[in-house]
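A short worksheet on the structure shown next.
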Amino acid sequence: MLEYKCAWYGRDLVVVDRWFPSSKLCGTCGEIRESLPLNVREWTCACGTLHDRDVNAARNILAAGLAAVACGGGVRPQRESSRTGRSSTKQEAQRATAGIPRR
Ligand SMILES: [Zn+2]
């Protein structure tokens, strides 16, 4: 759905790797938590930043997408399952994607 919606609105779709630690990564200092069970909706990083799990993940995914565009990275990297042959099911159901405005 994101592919055709991005086409409608003149956006480029950048697919972030399924295993990108979007929730566990502190968007402020870059630390990555070892674990973050799904029932933990807010957490405080060692740097003192209080994160809403989903808002932090959304910011990290946007930053990763913008970095991929800025670095000329592949806009459509192969999906994990087609690269490794294994089924890739992350603990969270949502795909890690961000719509990036065309320049
Ligand atoms: Zn931090």
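Structure above, values below:
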{"read-out": "Most to least accessible of 42, 34 (protein chains only, probe 1.4 Å)", "value": "34, 42"}
{"read-out": "Two-site label geometry, residue 54 and residue 11: point separation in nm, points 7 Å out along Cα→Cβ", "value": "1.7 nm"}
{"read-out": "Inter-label distance, nm, simple model (7 Å from Cα along the C-beta direction), residue 35/residue 19", "value": "1.9 nm"}
{"read-out": "Estimated inter-spin distance, residue 70 and residue 44, nm [label 7 Å along Cα→Cβ]", "value": "3.0 nm"}
{"read-out": "Nonlocal amide H pairs with residue 12, under 5 Å, H built at 1.01 Å", "value": "100, 102"}
{"read-out": "Residues whose placed amide H lies under 5 Å from that of residue 18, excluding near-sequence neighbours", "value": "80"}
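The values are calculated or read from the model by the stated rules, or taken from the named source; none is laboratory data. All values derive from a computational prediction rather than experimental measurement. Counting neighbours? That spans all protein chains shown, and the Cβs are built from the backbone with ideal geometry, glycine included. Ligands, DNA and RNA are excluded from the accessible area calculation, which covers all protein heavy atoms including side chains. Shrake-Rupley method; radii C 1.70, N 1.55, O 1.52, S 1.80 Å.
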